[in-house]
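Here's the structure we're looking at; comments come further down.
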Amino acid sequence: MEKEELIIGYDFFNSKFNDGFQYGSWKKYYCEETNICFERVLNELSEEERESVDGIYWGLCSLNGNHGVLNRDGSWSIYNNQNTHVSLCQYFYQLSILENVITYYGIEGSLNNKTNANKVVRYVFDHNRFLKFYNKNSTFYHNIQFLLHRSWENGNLSVISGVLSLNEAIPNNKGIEFGFERGQTKDFQGIDGSITYQDGTKKNTQQKSGKYDEIPNGFIIYGGKSVFNAYPMCQLFIFTNTNISGSSCIIFKNTQNFKLMGNDIYVNKEDVIYNIKKHMPTPEKIMILMELCGKQDIILFIKKEGEENFIKRDDHENGKRLVVNFVDYEDDSFESLIDQKITELKLSL
C-alpha cells in the first residue's frame with residue numbers, strides 16, 4: 001500500500017482504539033506509554049527548551065492532587081487529555097507510518113500490537129521531535145492544539161445541552177451544578193455535575209456525547225458501553241448529540257439494569273426520565289460559532305466565570321481566541337448575543 005493511501009477513516013480507527021482498557025488493547029498501551037513519556041521528557045527539558053513549549057512542566061496539581069502536565073501557572077494542562085484522545089492518536093499514528101516508524105500490516109493488525117503502540121508514543125516523545133511537535137511556533141503545535149481544543153469544546157457543548165435538558169426535565173429544581181474547568185477533583189471521581197431537587201435531594205450526573213434510538217420497551221445508546229458498570233457515584237447519565245440540523249438528549253437513571261450489546265447498551269424505558277429530539281438553539285448556535293471561528297483560525301473557548309453570560313474576543317500571544325462564558329442557563333437573552341457574534345464573524349469572512 002502506498003503511503004499516500006494511508007488516510008485511515010476516523011470511525012474505524014475510533015472503533016478499534018476504544019475497545020477499552022482491557023489487556024491487549026491499543027488504548028491501554030497508548031495511554032500508559034504516553035503518561036510515562038510525558039513525565040520523562042518534561043523532566044529532561046532545560047529552561048530554554050521549556051520556554052519553547054510554552055512553559056509546560058510535570059508536577060503535582062494543587063486543584064486535584066494528581067501528577068500530570070501543568071501549565072506555566074500550575075493549572076491542569078489540556079495535554080493531559082492526549083493519552084486517550086482518538087483524533088490525536090490517529091494523527092500521530094499516520095505520521096508514524098508515513099515516516100516508517102512502525103510496520104504497517106493492515107489497520108486492524110497494527111492496532112492490536114503493543115510494540116506499534118509503544119513505537120508511536122516514543123516517536124512523538126523523542127526529545128528533539130517533542131521540541132519540534134510542541135514548539136508554540138510550529139505547524140505541528142497548532143495541529144495538536146486544534147485537535148485537543150476541538151474535542152474539549154465539543155464536550156463542553158454537550159455539557160450545555162445536558163444542563164438545558166436537565167433543567168427542562170426537572171423544572172422545579174433548586175439548582176444545577178456544572179463546570180468546564182479541566183482537572184477538577186470531581187472529574188477524577190467521574191462526576192460532571194449535579195442537580196438538587198425541591199426536597200433537597202442531590203443527584204450527581206455523568207455527561208456523554210452520543211446518539212440513541214428508541215426501540216420497543218427501551219432505548220439503544222450507541223457507544224454506551226463506557227457507562228456499563230462504571231461511575232458508581234453518579235445517579236443520572238446524560239447522553240446528548242448536538243447538531244445544527246437537530247439535536248437530541250436522553251437522561252436515564254444509573255440502575256445498571258443495562259444490557260450490553262457490543263459497544264452499545266440497552267436501557268429499559270422505565271429508567272428513562274427524559275428523551276427529546278429537537279432543535280436546541282443555544283448549543284447549536286455555539287456550534288455555528290465554532291465553525292466560523294475555525295475558518296478564521298480563531299480558537300473558541302467555553303468557560304464558566306462570574307454570574308453573567310457573555311461572548312468576547314480575548315486574543316492570546318499564541319493565537320486568536322473567542323471566549324463564550326456560559327453561567328446562567330435560564331438567561332433568555334444569551335441566544336441573541338450568540339446571533340450578534342455569528343453575524344459579526346460572517347461579515348469578517
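The values are calculated or read from the model by the stated rules, or taken from the named source; none is laboratory data. Computed from a prediction, not measured in an experiment: that's the story for all the values here. For neighbour counting, all protein chains shown are included, and Cβ atoms are generated from backbone atoms with ideal geometry for every residue, glycine included.
The table below lists the values:
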item	result
Qualifying residue in region 220-238 (condition: in contact with a strand residue (DSSP E or B) (Cβ under 9 Å, 6 or more places away or on another chain), at pLDDT 95 or above and more than 30 Å from Lys174 (Cβ to Cβ))	yes
Breaking point among (1) within 18 Å of Glu335 (Cβ to Cβ); (2) polar (S, T, N, Q); (3) part of a strand (DSSP E or B), for Asn275	(1)
Leu300 surrounded by 19 or more Cβ atoms within 10 Å (Cβ to Cβ) and either more than 22 Å from the chain's Cα centre (by Cα) or under 30 Å from Tyr141 (Cα atoms) (or both)	yes
Count of residues meeting criterion [within 21 Å of the chain's Cα centre (by Cα) and either assigned by TED's automatic domain parsing to the domain that holds Leu88 or not in a helix (DSSP H, G or I) (or both)] in region 159-175	0
Flag if Asn263 is out of contact with any helix residue (DSSP H, G or I) (no Cβ under 7 Å at 6 or more places or on another chain) and assigned by TED's automatic domain parsing to the domain that holds Pro171	no
Qualifying residue in region 264-272 (condition: part of a strand (DSSP E or B), modelled with pLDDT of 95 or more, in contact with a Cys (Cβ under 6 Å, 6 or more places away or on another chain) and under 30 Å from Pro216 (Cα atoms))	no
Test: residue in region 187-205 that is without any contact (Cβ under 8 Å) to a residue 12 or more places away in the chain and part of a loop (DSSP other than H, G, I, E, B)	yes
Count - residues of region 306-327 that are outside any strand (DSSP E or B) and exposed (fewer than 14 other Cβ atoms within 10 Å of the Cβ)	7
Of all residues in region 206-217 being in contact with a helix residue (DSSP H, G or I) (Cβ under 7 Å, 6 or more places away or on another chain) and not in a strand (DSSP E or B), the one that is nearest to Gly162 (Cα to Cα)	Gly210
Extreme residue, surrounded by the fewest Cβ atoms within 10 Å (Cβ to Cβ), among residues of region 230-258 that are within 21 Å of the chain's Cα centre (by Cα) and on the phi > 0 side of the Ramachandran plot	Gly246
